[in-house]
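Since every read-out is calculated from the coordinates, none of them should be taken as a lab result. Quick caveat: nothing in here was measured; it's all calculated off a predicted structure. Note that each Cβ is placed from the backbone with ideal geometry, even for glycine, and that neighbours are counted across all protein chains shown.
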Amino acid sequence: MNRPGFTTVLQKSSPPMMFNAGDGFHYEKLPEGTRVIYPPGPVKPLEDPNVAIEKALLEPMGMEPLHELLHPGMKLTIVFDDVSCPLPPMRPPDNRQLVIEKVLEKAYAKGVEDIHLIAALGLHRRMTERELRWALGTRIMSSFYPDRLYNYDAEDEEGNTVIGHTERGEEVRVSRRAAESDLVVYVNINLVTMNGGHKSVHTGISPYSSIRHHHNAHTLQNTRSLMDPSNSALHASVDRMGEILDRELKVFHIETTLNNATFPSVFNFMAQPEHEWNAVTKANFLANHKATSVMPRSVARRIFQSIVAPHKMTSVQAGATGPVHEETMEHLHRQQLVHVEGQSDVLMLGVPYIGPYNVNSIMNPILVHNMVLGYLFNLYRGKPLVREGGVIIATHPVPNEFDDTAHPSYRPFFEEVLAETTDPHEAERRFQDEYAEDPWYRTLYRNSYAYHGFHPFTTWQWGAHAMDHLGDVIFVGGDPYTTARMGYKRAHTVAEALEMAKDTVGPNPSSTYMHIPPLFMCEVT
């Protein structure tokens, strides 16, 4: 369906709205006059992705064709986005597989032998062999894994090197293998407008000493918004780093975009407006709603995490960082941007079951905060959908659950750091280096499948702008302990939360429901 993004005002006869609530659903009728903003329908995919990839490599932007950059005896490093995108994982073949197979085909034709492939983790957890195989396919895995296809290691002191410093003293340190290569090819999947461009290298193959310059409370507080790079202090920092890198290293960027065909038919009710549901859709929703309401959360989580998206590639562009990313942003806006008139006193959000940091894992309370105040609040260009001093109402149980394998420093952050302060600046100043440099967390990051010890600080800081902007945050169905520890309120129903919001925004609040998933962003006039 090519339904454009649109807004509508509910009337008395409107159906109840389905809210995502983590690993389950919340279903409730909203007050008359609530504005509902729907995502655009999926844009038309490329007819033949392989033909489009070939064309992009032959006719790149701002650089020579890829085959002219390849020669015998050179050192080629291919870097690719990690497991944090796309969400949900896409049905094979993944964009990364299709692109890298074409790059390898051209490298082999030119007699290039010294080729390494690196998963751009940054400070994320390592990808498992199964996850690498899903993203890249059996042929690439059998040829390169594990000696020449591996996860980036931010804690390998010898494996990273300083390229230089920006005029503001920001350290530009990257993978030594990449820095010593004749050519780096970065293969990206742009799921949201925050990603891609110079951010790819300077978060993907850079260590804490470099990442800390743009992933910190001050920078993120002044990022307005994460999805609007022209108004993002984070993107200004990585662009400064990119200028230094481009003087020393040749990087050939290949960026791809997807449409928002997010769910297979059994779960398509999540992305479909309720007033378009037919009898089959309603029955499907009710069956899923009832099942997830009674089954253990861990079982529901496994079911949701097994979803494979029927995403399709909508664009591929290659060449120099700047012009490539500019074209990528146009394709993302074509799929995701919805024009909206006016801000609201109250913004209501359903919280998806998956985010970039809980793939095959648990969305713990810190990650719920990150999803709502970091990602969902920032899905705008220009100004937020909710006014300054307004209220966000989000549906999520915010359970007191942690995955200590994937997120070993998150539980201590929740219990120790947040017990002392919820201020991102104070938490950074008092605790961050201790966690980031902790030998045990560093060992787990390098040898297990654990996020870096620093990671809960950045996911908390992700909400710094929203914490300044909002008057209150209320979680419908939220656990009393976890919500209170994070400084938020809870309610049993959306109706109760809307009554509570009046204490902050006044007696007759305007309210908007942003119908997510799939992801989209708003331009508010």
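Packing here is the average count of other Cβ atoms within 10 Å per residue, and on that basis the peptides 453-466, 161-174, 75-88, highest first, run 453-466, 75-88, 161-174. What FRET efficiency do you get for A495 and A109 if R0 is 56 Å and r is their Cβ-Cβ distance, rounded to the nearest 0.05? The value I calculate is 0.30. Placing a pseudo-label 7 Å from each Cα along the Cα-to-Cβ vector at N222 and E68 gives an inter-label distance of 4.1 nm. Each of the peptides 145-157, 505-517, 472-484 was scored by the mean count of other Cβ atoms within 10 Å over its residues; in descending order, highest first, they stand as 472-484, 505-517, 145-157. Between the amide H of R490 and those of F475, distances stay under 5 Å, these residues lying 5 or more places away or on another chain, with hydrogens modeled in the peptide plane. Using 11 Å as the cut-off for backbone N distance, which residues of region 135-174 belong to the label zone defined by a point 7 Å from the Cα of V308 along Cα→Cβ? Within reach of a label on V308, which here means backbone N under 11 Å from a point 7 Å along Cα→Cβ, region 135-174 contributes 135. Over the chain, dividing the summed -39,500 (n - 2.57) contributions of all DSSP H runs of at least 4 residues by the number of residues returns a 222 nm mean residue ellipticity of -9000 deg cm²/dmol. Each DSSP beta bridge with both residues in the chain is either parallel or antiparallel, and the antiparallel ones are about 25%. Straight Cα distances below 16 angstrom link K110 to the lysines K75, K102, with same-chain residues fewer than 8 positions distant left out. When each of the peptides 338-344, 368-374 is scored by how many other beta carbons lie within 10 Å of its residues on average, the order from highest to lowest is 368-374, 338-344.
Calculated FRET efficiency, R334 and K55, Cβ-Cβ r, R0 22 Å, to nearest 0.05? Don't jump to the answer; show the numbers that get you there.
Numbers: r = 19 Å, r/R0 = 0.86.
The pair R334/K55 has a calculated efficiency of 0.70.
Compute the distance from the alpha-carbon center of region 424-485 to that of region 248-313, in whole Å. Between the Cα centres of region 424-485 and region 248-313 lies a distance of 27 Å.
Under the convention that each Lys and Arg Cβ holds +1 and each Asp and Glu Cβ holds -1, the size of the dipole of the chain around its Cα centre is about 1400 debye. Database remark: amide H of F252 closer than 5 angstrom to the amide H of V184, V185, Y186 (H placed geometrically; neighbours at sequence offset of 5 or more, or on other chains; Pro and chain starts carry no H).
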